[in-house]
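Peer 1: Supplied in structure tokens, the structure appears directly below.
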Amino acid sequence: MRTIIYGNGAMAKVLHSYARRSMDIAGFTVDDHCIADDTGCYLGLPLVPFSRVDTRFPPTSHNVIVAVGFTGMNELRARKSLEVKQKAYSLTSYVHESVCMHDDVAIEENCTILDHVSIHPGCKIGHGTFISSNVNVGHDCMVGAYNWINSGVAIAGGCRLGVGCFFGVNSSAAQGLRIGARNFIAANTLVNKHTEDDQVYLSEPGQLFRLKSRSFLGFSRLAG
């Protein structure tokens, strides 16, 4: 089967850069209104209006992976995935060859998992989930559908993540937590208690110090 990428934005560009090395990418598709009148290609491949994609790329010989961001707390990605299936396409996943998957790991359809991710034994990754580079998912975690997990995230063992969550860069969840649906967990934020649906967790940003960098290094004796 050849693969069509749904999307023509940053996420589609990233996925194509990874997946073209191991998947046969036939082209791209997006909603008709997202294509300029004079645009028929993207990244050197055909860009086909979604209303006509099944005539150019038949579902009998092509599958689809949806590559859009976390718009609407991942609801756009979920909705487009359903529309793809309504056109009789099967949804496929992309998992980078460097991903370390241990025993009894299940990855559902339409997932994108980038390089140097470790998924420990007993985990399940729900459909439509995006996991960026250098993420650690501890043992026996259940990651709900359509999560968005950015680079450097660490999820301790035994966690249960509701659908549609967002984890910012270098955020983390402590052992055995239940994370509600559609939680927004900002960059560098540690969650150490169970959460409810639709909650937001933020951490304080870095503080600007009064000294310039050279003076600070001299003052703190950090320089070698």
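Peer 1: Accessible area per residue for the chain in Å², computed with a 1.4 Å probe and the full protein assembly in place, what is it? Can you show the working numbers first?
Peer 2: Working: 11370 Å² over 224 residues.
With all protein chains present, the chain gives 51 Å² per residue.
Peer 1: What is the pair-distance distribution P(r) of segment 178-224, computed from all Cα-Cα distances in 10 Å bins starting at 0, with each bin given as a whole percent?
Peer 2: Over segment 178-224, the share of Cα pairs per 10 Å bin runs 22, 30, 17, 18, 13 percent.
Peer 1: May I ask you to give the percent of accessible area on segment 17-90 that is carbon plus sulfur, with a probe radius of 1.4 Å?
Peer 2: Details: 2040 of 3860 Å².
The nonpolar share, carbon plus sulfur, comes to 53 percent.
Peer 1: Hey, any idea what Rg/Rh is for segment 151-199, computing Rh the Kirkwood way over Cα pairs?
Peer 2: Values: Rg = 9.4 Å, Rh = 10.3 Å.
Across segment 151-199, the Cα-based Rg/Rh ratio is 0.91.
Peer 1: Mind grabbing the accessible area of C41 for me, 1.4 Å probe, Å², rounded to tens?
Peer 2: Ignoring ligands and nucleic acids, C41 comes out at about 80 Å².
Peer 1: Now for a separate question. What's the center-to-center distance, using Cα atoms, between segment 45-62 and segment 153-211 in Å?
Peer 2: 38
Peer 1: Also: Protein chains only, probe 1.4 Å: how do H194, H120 rank by accessible area, largest first? Mind dumping the intermediate values first?
Peer 2: Working: H194 115, H120 55 Å².
Result, largest first: H194, H120.
Peer 1: In square angstrom, rounded to the nearest 10, how much accessible surface does L177 have for a 1.4 Å probe?
Peer 2: Using a 1.4 Å probe on the heavy atoms, I get roughly 10 Å².
Peer 1: Round to a whole number: what % of the accessible area of segment 147-224 belongs to carbon and sulfur, probe 1.4 Å?
Peer 2: Working: 2580 of 4790 Å².
The C+S portion of the solvent-accessible surface of segment 147-224 is 54 percent.
Peer 1: Another question about this same structure. From the protein chains alone at 1.4 Å, what is the descending order of accessible area for F130, F219, largest first? Kindly include the intermediate steps, with their values, before the conclusion.
Peer 2: Numbers: F130 15, F219 140 Å².
Descending order: F219, F130.
Peer 1: Let me ask something additional. Based on Cα coordinates alone, diagonalise the gyration tensor for segment 20-97, multiply each eigenvalue by 5, take square roots, and list the semi-axes in whole Å, largest first. The partial results should precede the final answer.
Peer 2: Working: eigenvalues 63, 57, 41 Å².
So the three semi-axes of segment 20-97 are 18, 17, 14 Å.
Peer 1: Match the structure shown to one of the listed values [x] 19.7, 62; [y] 16.4, 45; [z] 19.9, 68 of Rg and Dmax of the Cα atoms in Å, computed from it, and give that label.
Peer 2: From the options [x] 19.7, 62; [y] 16.4, 45; [z] 19.9, 68, the structure gives [z].
The values are calculated or read from the model by the stated rules, or taken from the named source; none is laboratory data. Computed from a prediction, not measured in an experiment: that's the story for all the values here. For accessibility, only protein heavy atoms count, side chains too; no ligands or nucleic acids. Shrake-Rupley method; radii C 1.70, N 1.55, O 1.52, S 1.80 Å.
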